[in-house]
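S.K.: Before I ask anything, here is the structure I am working with.
Each value in this text was obtained by applying a stated rule to the coordinates, not by laboratory testing. Quick caveat, the model's predicted, so the values are computed rather than measured. With ideal geometry, Cβ positions are generated from the backbone for all residues, glycine too; neighbour counts draw on all protein chains shown.
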Amino acid sequence: MAEAALSSAQAKMAEARGLLPAEDKESPETLVGFEARTQQLPGGFEKRQLFKSQASEALSLAKEALVSFRRAGESEKKVAALRVVVDANMAIENSFDALMAASDELAMIKRADDKKAQVAVTQMLAEVQAAHNDFGSAMQSATDALDLQRQLGNKAGEAQALQTQASLKLSAGKGKDAVTIATQALGLYQELRDVAGEAACKRIVNRGYAESGQLEKAPNRTEAVQALQALASAVENKDKRAWQAAIGQLNKSSAYTQQDVHEIFGEALKKDRKAAAAFLQE
């Protein structure tokens, strides 16, 4: 019964996520300095309600599974159920409940001295704390996760924990620290030949240099400048496809600032304010 409940909960959350706009880093909504339209679920109020309804159903099922797996001592499945509980609570904007669920489970796992489960839940806790903008607590949780990964001899986990720390430093406005930590993670990802991890850390390094006013040190600044030029051309020519391609390239590099983007829009608006404004609002 518990396994069926967990499977159903995971399926419900997958369905709910399917209603959301794709989290595409090449999307205009992720462009620094671009005030895009307010993100809404396609279909408006009805789809938003359906999203929350599915997440709520997933939460109920996952809670049931979590209790059963906890009683049975099935650690891995318990963590999987908790993952859904945390995600579903965040989806329906019950972030406090997500925080308490992760915190309470972590306390129980520590008493059982299950390091593998402990590191997974500690990482979940860091995510929720960061969502609360409690970067101090999130950094402590990420540090705890890093220590556990090292104790377990898990290099992939160590790289992930370092990446989390670097992201938190970046979110807290500490670009230089983010660069230092992301560079450590990058070295591990390169050793592991993890291409996705490498790309993610390079973006953090570039953003860290951008945020700390050291763009000249950003390894992908040249690519960013080329993408900015392509973006300016796309705005001037009102070419939506070229615009999307330029944003994709720009966000792959991440070595740009709000000022870079505002200068492009400023020049376009000077040349033909009405046409440029209409294009940017499409």
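S.K.: About its Cα centre, what dipole magnitude does the chain give when the only charges are +1 on Lys and Arg Cβ and -1 on Asp and Glu Cβ, stated in debye to the nearest 20?
M.R.: For this selection, approximately 180 debye.
S.K.: Next question. Between helix 240-253 and the chain, what is the angle of the helix's C-alpha long axis to the longest principal axis, kept within 0 to 90° and rounded to the nearest 10?
M.R.: 60 degrees
S.K.: What's the tally of Lys pairs in the range 220-282 whose alpha-carbon atoms lie under 20 angstrom apart, where the two lysines are 8 or more places apart or on different chains?
M.R.: Pairs that pass both the separation and distance tests number 7.
S.K.: So if the hydrodynamic radius of the chain is defined as the Kirkwood radius over C-alpha pairs, what does Stokes-Einstein give as its diffusion coefficient at 20 °C and 1.002 mPa s, in µm² per second?
M.R.: D = 103 µm²/s.
S.K.: To the nearest 20 debye, what is the magnitude of the charge dipole of the range 59-183 about its Cα centre, counting +1 on the Cβ of each Lys and Arg and -1 on the Cβ of each Asp and Glu?
M.R.: Computed about the Cα centre, the dipole is about 300 debye.
S.K.: So how far, in whole Å, is the C-alpha centre of the range 234-254 from the one of the range 112-180?
M.R.: The two parts, judged by their Cα centres, are 33 Å apart.
S.K.: Over the chain, what relative contact order in percent results from Cα pairs under 8 Å that are six or more residues apart?
M.R.: So the answer I get is 15 percent.
S.K.: Lysine pairs in the range 94-214 8 or more apart or on different chains: how many have alpha carbons under 18 angstrom apart? It would help to have the intermediate numbers written out before the result.
M.R.: Details: 115/155; 116/155; 169/202; 174/202; 176/202.
Taking the range 94-214 as the scope, the lysine pair count is 5.
S.K.: Can I ask one more? Specify the angular offset, from 0 to 90 degrees and rounded to the nearest 10, of the alpha carbon long axis of helix 221-237 from the longest principal axis of the alpha carbons in the chain.
M.R.: 60 degrees
S.K.: What does the charge count around residue 151 come to, taking other residues whose C-beta lies under 15 Å from its C-beta (Lys +1, Arg +1, Asp -1, Glu -1)? If you can, show how the numbers build up before the last one.
M.R.: On the way: positive: 110, 115, 116, 150, 155; negative: 113, 114, 144, 147, 158.
Neighbour charge sum, excluding residue 151 itself: 0.
S.K.: Would you mind classifying the range 76-139 by shape? Square roots of the alpha carbon gyration tensor eigenvalues, ordered a ≥ b ≥ c; an a/c under 1.5 is rounded, otherwise it is prolate if a/b is larger than b/c and oblate if not. Don't skip to the answer; put the middle values down first.
M.R.: Working: a/c = 2.17, a/b = 1.34, b/c = 1.62.
Oblate shape, in that a/c is at least 1.5 and b/c is the bigger or equal ratio.
S.K.: Then there's this: Calculated from DSSP H runs of 4 or more alone, at -39500 (n - 2.57) each and per residue, what is the 222 nm mean residue ellipticity of the chain, nearest 500?
M.R.: -26500 deg cm²/dmol
S.K.: Dividing the Cα radius of gyration by the Kirkwood radius, what Rg/Rh value follows for the range 70-228?
M.R.: 1.03
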